[in-house]
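The values are calculated or read from the model by the stated rules, or taken from the named source; none is laboratory data. Computed from a prediction, not measured in an experiment: that's the story for all the values here. Counting neighbours? That spans all protein chains shown, and the Cβs are built from the backbone with ideal geometry, glycine included. What goes into the accessible areas is simple: the full protein's heavy atoms, side chains included, and nothing from ligands, DNA or RNA. Shrake-Rupley method; radii C 1.70, N 1.55, O 1.52, S 1.80 Å.
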Amino acid sequence: MSVKPRLTYLNGRGRMESIRWLLAAAGVEFDEVYLETKEQYDKLIKDGFLLFQQVPLVEIDGMKMVQTRAIMSYIAGKYNLHGKDLKERALIDMYVEGISDLMQMILMFPFSPPDAKEKNLESIKERATNRYFPVFEKILKQHGQDFLVGNKFSWADVQLMEAILAVEEKLPTVLSGFPQLQVFKTKMSNVPTIKKFLQPGSPRKPPPDAHYVETVLKVFKK
Amino acid sequence: MSGKPKLYYFDGRGKMESIRWLLAAAGVEFEEEFLETRDQYEKLLQGGSLMFQQVPMVEIDGMRMVQTRAILSYIAAKYDLYGKDLKERALIDMYIGGTDDLMGFIMIFPFLSAEDKEKQLAVIVQKATSRYFPVYEKVLKDHGQDFLVGNNFSWADVHLLEAILMVEEKKSDVLSGFPQLQAFKARISSIPTIKKFLEPGSQRKPVPDDKYVETVRRVLCMYYDVKAN
């Protein structure tokens, strides 16, 4: 097995994108296998690669890891992005879990029926601007530091950056009421590993389109 | 604030139950404040104790923790139920992910319409017996040890026992094809802290009923139809 982690997923964001962000932020190169057909997926299951018959799958350090959270916790722990002690870890976990609830809404959005899309977009806007962004705006304002936790770059910063950009893609002016987050976004964009990930040609995937949705439905068809 | 953790939630299982299980398994006494009215909830919101405006919330070690997973991870690590190193933690996290997904199907059950309940029951049993239980059955068979990870009692064992009991409440013979899980259930149930939690009078909550559903809907103003995913 090569030293690089190997990611198996569709050729698109979905649940794997946060993992790509975190590995990239940690400066870790990785390989990717893209699921394009149901047959490929069925074979993975038949060969016993997928513990709960699901992707994401990340082969890393001799393990076939599944379950997005488990994978990210492992990467964060391994690359020192999970705080210096239990209490910092608790803060990072709280922030990441909150952001991930927001990301879940964005994840499901392309799969909502056409007549529900406008309502769902409104929900994303409402949650981002009333529930999630204000929390992180306040945290950054209160401690005045560059990073969310412990004055040090962590998984929480990566996850928040990903979320900000994902929401902005749908709602370009969403940060207008959040000056701290605007500054945060600029600072994160300049972290060298993140800067590299944001450049064309990186493993970052584009926003999901109709082709992606079609592929998901095809590969996971029962 | 007293030394004991304090749990803020409805008087029922929901997302807090796994936290009760884990604290109990670790032998940690805790207090509870039950949300019964909308007013109570709004007071918590206005007081700024709910980071993302949601419960569960647990006051522990000077923190007001929210987000179930974050709370559980903190408790597991604090009480040495999270493996001895990063790799054991990874295994535990993976196993928890599975049992969590399975319990997710059960958690929405009380909120479904009668017709959807019937369908969901079939889904729960199908997922338990073809996706989740076989995994843990195999893990236990392959290493032949008493516990899921590292030959040591961990969060993963507590969570799996909770999941098994929840599914059994829906279908009492669901473990019939799983001899390892039957033995596991008996073993873990007899661990003193767990045994105590399983006795009447403990803080374990009963199967959710209509009163529980009504309370949740009232406190959260959640009157829309819940659909199974």
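Points worth noting:
- Inter-centroid distance (Cα atoms) of region B:44-112 relative to region B:147-220, Å: 16
- Estimated inter-spin distance, A:LYS195 and B:ALA183, nm [label 7 Å along Cα→Cβ]: 5.9
- Whole-number Å³ per residue for the convex hull built on Cα positions in region B:15-123: 130
- Relative to one another, the C-alpha centroids of region A:191-222 and region A:1-75 are positioned 13 Å apart.
- The per residue volume of the convex hull around the alpha-carbon atoms of region B:86-191 is 93 Å³.
- Coupling constants for region A:139-147 follow from the phi torsions by the Karplus curve (6.51 cos²θ - 1.76 cosθ + 1.60, θ = phi - 60°), and in residue order they are 4, 5, 5, 5, 9, x, 9, 6, 10 Hz; glycine and proline get x.
- Note on region A:2-149: Kirkwood hydrodynamic radius from all Cα pairs is 17.3 Å, rounded to one decimal.
- Built amide H within the under 5 Å cut-off of B:GLU33, gap 5+: B:LEU7, B:TYR8, B:TYR9
- Over all other residues within a Cβ to Cβ distance under 11 Å of A:GLU39, the charged ones net out to +2, with Lys and Arg as +1 and Asp and Glu as -1.
- In this simple spin-label model, placing a label point 7 Å from the Cα along the Cα-to-Cβ direction at both B:ASP80 and A:HIS211 gives a separation of 5.5 nm.
- Kirkwood hydrodynamic radius of region A:86-190, Cα pairs, Å: 14.2
- Relative contact order of chain B, taken over Cα pairs closer than 8 Å and 6 or more residues apart, is 28 percent.
- Sorted from greatest to least, the principal axis extents spanned by the alpha carbons of region A:145-203 come out as 31, 28, 15 Å.
- Relative to the globular-protein estimate of 2.2 N^0.38 Å, the Cα radius of gyration of chain B stands at 1.02.
- Computed from phi, the 3J(HN,Hα) profile of region A:126-133 under the Karplus parametrisation 6.51, -1.76, 1.60 (θ = phi - 60°) reads 4, 5, 4, 7, 9, 10, 9, 4 Hz, with x in place of Gly and Pro.
- For B:LYS87, the lysines whose Cα comes closer than 21 Å to its Cα, not counting residues fewer than 8 places off in the same chain, are A:LYS4, A:LYS64, A:LYS78, A:LYS84, A:LYS87, B:LYS78, B:LYS138, B:LYS141.
- When A:ARG6, B:ARG13, B:ARG131 are compared by accessible area at a 1.4 angstrom probe, the order from most to least is A:ARG6, B:ARG131, B:ARG13.
- Other residues whose C-beta falls under 14 angstrom from the C-beta of B:LEU86 contribute a net charge of +1, scoring Lys and Arg +1 and Asp and Glu -1.
- Debye equation applied to the C-alpha atoms of the protein assembly as shown, log10 I(q)/I(0) at 0.06, 0.10, 0.11, 0.14 Å⁻¹: -0.25, -0.76, -0.95, -1.69
- Over region B:117-157, the pair-distance histogram of Cα-Cα distances with 5 Å bins from zero comes to 5, 22, 20, 18, 13, 11, 7, 3 percent, rounded to whole numbers.
- Here the Karplus relation 6.51 cos²θ - 1.76 cosθ + 1.60, evaluated at θ = phi - 60°, turns the backbone of region A:206-222 into coupling constants of x, x, x, 10, 4, 4, 4, 4, 4, 5, 4, 5, 5, 5, 9, 4, 7 Hz, with x for every Gly and Pro.
- Three semi-axes of the equivalent ellipsoid, region A:93-135, Cα gyration tensor, whole Å, largest first: 21, 12, 4
- Treating r as the C-beta distance of B:GLN54 and B:ASP173 and R0 as 35 Å, the FRET efficiency rounds to 0.45.
- Inter-site label distance for A:MET108 and A:VAL183 at 7 Å from Cα along Cβ, in nm: 3.5
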